[in-house]
Amino acid sequence: MRKYGTFEQVGTIGNLPADDHYISTLPGDIVLYNHNQIVIFYDENAYHYTRLGRIIGKSKEEFYQLLGKEDILLTIYIN
């Protein structure tokens, strides 16, 4: 994933079905953007996204430490 702006990490995930709504995001929110981009927020934003999930138990500062300084590699495991 690559840093984008000053509030999110964005990575290509492939074309998925979407149900976009205008939402406000918080640090830890995971959304789908444009049917093919997965986004994890380390700060707030508002736009048309499909909400996928949320990482809980971390502060805004902890999310910035994890996601805000450089590009990351995200691995998703599905049971």
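The values are calculated or read from the model by the stated rules, or taken from the named source; none is laboratory data. What you are looking at is a predicted structure, and each value in this text was computed from that prediction instead of being measured. No Cβ is skipped: glycine too gets one built from the backbone with ideal geometry, and neighbour counts run over all protein chains shown. Each accessible area value is taken on the protein alone, full model and side chains, heavy atoms only, with ligands, DNA and RNA left out. Shrake-Rupley method; radii C 1.70, N 1.55, O 1.52, S 1.80 Å.
Overview of results
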{"item": "Qualifying trypsin sites (Lys or Arg not before Pro) for the chain [loop in DSSP, other Cβ within 10 Å: at most 16]", "result": "Lys58, Lys69"}
{"item": "Peptides 34-41, 9-16, 70-77 ordered by average Cβ neighbours within 10 Å, highest first", "result": "34-41, 9-16, 70-77"}
{"item": "Net charge, Val39 excluded, C-beta distance under 9 Å - Lys, Arg +1, Asp, Glu -1", "result": "-2"}
{"item": "Simple label model, 7 Å out from Cα along Cβ direction - Ile23 to Glu62, nm", "result": "2.1 nm"}
{"item": "Surface share of carbon and sulfur [accessible, 1.4 angstrom probe, percent] for the chain", "result": "53 percent"}
{"item": "The range 33-79 - convex hull of the alpha-carbon atoms, volume per residue in Å³", "result": "112 Å³"}
{"item": "Percentage relative contact order, the chain, counting C-alpha pairs under 8 Å, at least six apart", "result": "34 percent"}
{"item": "Arg54 long-range amide H proximity, modeled H, under 5 Å", "result": "Ile30"}
{"item": "Amide H contacts under 5 Å for Ile13, placed H, 5+ residues apart", "result": "Gln37, Ile38"}
{"item": "Accessible area expressed per residue, the chain, with surrounding protein chains retained (probe 1.4 Å, Å²)", "result": "68 Å²"}
{"item": "Over the range 1-57, volume per residue of the alpha carbon convex hull, in Å³", "result": "70 Å³"}
